[in-house]
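The values are calculated or read from the model by the stated rules, or taken from the named source; none is laboratory data. These numbers were taken from a predicted model, which means no experiment stands behind them. Note that each Cβ is placed from the backbone with ideal geometry, even for glycine, and that neighbours are counted across all protein chains shown.
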Amino acid sequence: MTARTSIAIFGSRDVDRDTARTLFEQHLASFVDQRRTWLLGGARGLDEWAIEWLLERSEVCWAVVPHTRFDQPKSVQSWLDQVDRIVELQLPGRKSARAFRNRYMVDLCGIVIAFRSGKGSGTQAVLRYALRKQREVHAIPLLTVDDEDPPEDEELSRGWNR
C-alpha cells in the first residue's frame with residue numbers, strides 16, 4: 001500500500017445503512033476498481049456500512065482500531081473478520097485514542113473522504129488535519145430533514161489547492 005493509492009473514510013456513527021449506501025454509490029463508486037486500499041476506523045455506523053459496501057465490490061479494506069479489535073462494537077465484529085488487515089494501535093483507553101487513530105489513518109493515505117453530519121467535532125478535526133497534511137479531501141455533508149444548508153467551515157470551503 002502506498003499513500004497515493006489509499007483512501008481513508010471518516011464519518012458519523014449515526015448514519016443508517018440505506019443512507020450510507022446511497023452516499024457511497026454517489027461519492028465512492030468512481031474510486032473502486034483502481035487497486036486501492038481503503039482505511040476505515042472499524043466503528044459502528046458509517047464505518048461498518050462502508051466495509052460492507054466495499055467488500056461487496058472486492059476492494060481491499062483495512063480496519064484501523066484505537067485499541068484492539070475486540071474493543072470494537074459487537075455489530076462490527078463480523079465485518080472485522082472479513083477485512084484484509086486489522087491494525088490494532090493498542091492505545092491507552094483515553095478519549096484522545098480515536099483522535100490519534102484518525103490522524104494515523106490520514107498519515108497513511110493520499111485521499112480523505114469524510115461524511116460530515118455537523119454534530120460533534122471529530123470529523124471536522126480530521127478534515128482540518130488532512131488539509132494541513134496536504135491530502136486530497138472530499139467533505140460530503142450529511143443532510144437531515146432539519147438541515148436547510150450544509151454546515152460551513154471557511155477552511156473546508158476553500159479546499160486544498162494543488
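Considering (1) of a type in the set (Gly, Ala, Ser); (2) out of contact with any strand residue (DSSP E or B) (no Cβ under 6 Å at 6 or more places or on another chain); (3) at pLDDT 95 or above, the lone condition that Ser78 does not fulfil carries the number (3).
Of the residues making up region 24-61, those that are assigned to a loop (DSSP other than H, G, I, E, B) and over 15 Å from Leu80 (Cβ atoms) are Leu28, Val32, Asp33, Gln34, Arg35, Arg36, Arg57, Ser58, Glu59.
For region 128-148, the candidate set comprises residues that are at pLDDT below 95 and in contact with a strand residue (DSSP E or B) (Cβ under 9 Å, 6 or more places away or on another chain); within that set, the residue that is farthest from Gly45 (Cα to Cα) is Asp147.
Scanning region 29-49 for residues that are within 20 Å of Asp107 (Cα to Cα), crowded, with 23+ Cβ neighbours inside 10 Å and not charged (D, E, K, R) yields a count of 5.
Total residues in region 113-141 satisfying the condition of being touching a residue at least 12 places away in the same chain (Cβ under 8 Å) and part of a helix (DSSP H, G or I): the figure is 10.
Residues that are part of a loop (DSSP other than H, G, I, E, B), of a type in the set (Lys, Arg) and modelled with pLDDT under 95 do occur in region 81-96.
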